[in-house]
Amino acid sequence: MIAELVAEIGPLWHERHQAVLTSRPRRRAVGAGAKYKLVFIDRLLATLVHLRHATTHDVLACWFGVDRSTITRAIGEVRPLLAERGCTVAPDIRLRTLAEVIDHLGASGQTGIIDGTEVRVRRPAVGRKDREKFISGKNKQNAVKSMVVTGAEGRLLFCSPAEPASCADITHARKLGWSSSWPTVRPWRSSPMPATRAWAHRPAAAW
């Protein structure tokens with residue numbers, strides 16, 4: 001699986017990296033200067049561990065022997081590539097967008113679960129604009145929040161870009177345009193975790 005990701009995403013990462021280098025004024029040739037301490041496969045692994053286990057950037061920096069900012073930059077580069085690749089739910093079905101996830105759940109009559117998840121981050125530097133927006137009203141900690149969609153069995157199907165933790169779940173969903181994708185009549189039901197809601201999907205034509 002890792003080898004497949006490296007083979008598929010590696011060239012895309014390298015292409016974008018080269019595009020960034022050539023797009024700005026330079027005094028030295030492209031490729032000159034200090035080399036990356038974190039090669040692509042390590043950047044991919046760090047991103048996967050962060051997404052799967054919510055490991056903080058500081059811990060990952062210690063594991064890989066680099067500065068925290070290097071991990072932050074690596075995750076910022078690799079995560080969009082993983083999102084564009086999408087989620088393979090069957091040998092011939094890969095879901096890349098929220099609309100595709102909803103159509104898949106509706107066509108198969110499955111139940112989807114949507115929830116917001118927070119990951120702690122380092123407190124923003126003094127003087128940074130909107131510094132207080134990263135404080136979670138629920139946990140009283142500095143964090144970022146993502147909205148995720150899973151199947152009834154808990155398999156992750158979609159994960160949104162991160163927002164400062166002060167953003168409410170419903171506000172985040174509206175900003176992403178998710179509310180327009182929900183059924184007009186939503187048979188919500190609470191799960192053991194109050195913040196989690198689930199809805200039964202109907203065929204796309206009935207939405």
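The values are calculated or read from the model by the stated rules, or taken from the named source; none is laboratory data. The structure presented is a predicted model; accordingly, all values stated were derived computationally and were not measured. Please note: Cβ atoms are built from the backbone with ideal geometry, for glycine as well, and neighbour counts cover all protein chains shown. Accessible surface is based on the protein model in full, side chains and every heavy atom, while ligands, DNA and RNA are left aside. Shrake-Rupley method; radii C 1.70, N 1.55, O 1.52, S 1.80 Å.
Before we move on, is Leu38 at pLDDT below 80 and more than 18 Å from the chain's Cα centre (by Cα)?
Here the answer is no, as Leu38 does not meet what is asked.
Any residue in the stretch 65-88 that's touching a residue at least 60 places away in the same chain (Cβ under 8 Å): show its pairings with residues that are open to solvent by 50 Å² or more (accessible area, probe 1.4 Å) at Cβ separation under 6 Å, as long as the two are six or more apart or on different chains.
What qualifies is Leu81/Leu12.
How about the stretch 132-158: which of its residues are in a strand (DSSP E or B) and open to solvent by less than 50 Å² (accessible area, probe 1.4 Å)?
Answer for the stretch 132-158, where residues must be in a strand (DSSP E or B) and open to solvent by less than 50 Å² (accessible area, probe 1.4 Å): Asn142, Ala143, Val144, Lys145, Ser146, Met147, Val148, Val149, Thr150, Gly151, Leu157, Phe158.
Taking into account only those residues within the stretch 40-68 that are in a helix (DSSP H, G or I), more than 25 Å from Leu157 (Cα to Cα) and charged (D, E, K, R), which is least open to solvent (accessible area, probe 1.4 Å)?
Filtering the stretch 40-68 for residues that are in a helix (DSSP H, G or I), more than 25 Å from Leu157 (Cα to Cα) and charged (D, E, K, R), the one least open to solvent (accessible area, probe 1.4 Å) comes out as Asp58.
So which residues in the stretch 116-131 are of a type outside the set (Lys, Arg) and exposed (fewer than 14 other Cβ atoms within 10 Å of the Cβ)?
Those that are of a type outside the set (Lys, Arg) and exposed (fewer than 14 other Cβ atoms within 10 Å of the Cβ): Ala125, Val126, Gly127, Asp130.
Would a scan of the stretch 77-84 turn up a residue that is among the charged types (D, E, K, R), in a helix (DSSP H, G or I) and closer than 27 Å to Gly112 by Cα?
Yes, the stretch 77-84 contains a residue that is among the charged types (D, E, K, R), in a helix (DSSP H, G or I) and closer than 27 Å to Gly112 by Cα.
Within the stretch 69-97, restricting attention to residues that are β-branched (Val, Ile, Thr) and either touching a helix residue (DSSP H, G or I) at 6+ places or on another chain (Cβ under 9 Å) or buried (at least 16 other Cβ atoms within 10 Å of the Cβ) (or both), which residue is farthest from Gly154 (Cα to Cα)?
Thr70
What's the number of the only condition in (1) within 17 Å of the chain's Cα centre (by Cα); (2) modelled with pLDDT under 80 that Val144 fails to meet?
For Val144, the exception is condition (2).
Residue under question is Val89, and the condition is that it be out of contact with any Pro (no Cβ under 8 Å at 6 or more places or on another chain) and part of a strand (DSSP E or B); does it hold?
Yes; evaluated as a whole, the condition is true for this residue.
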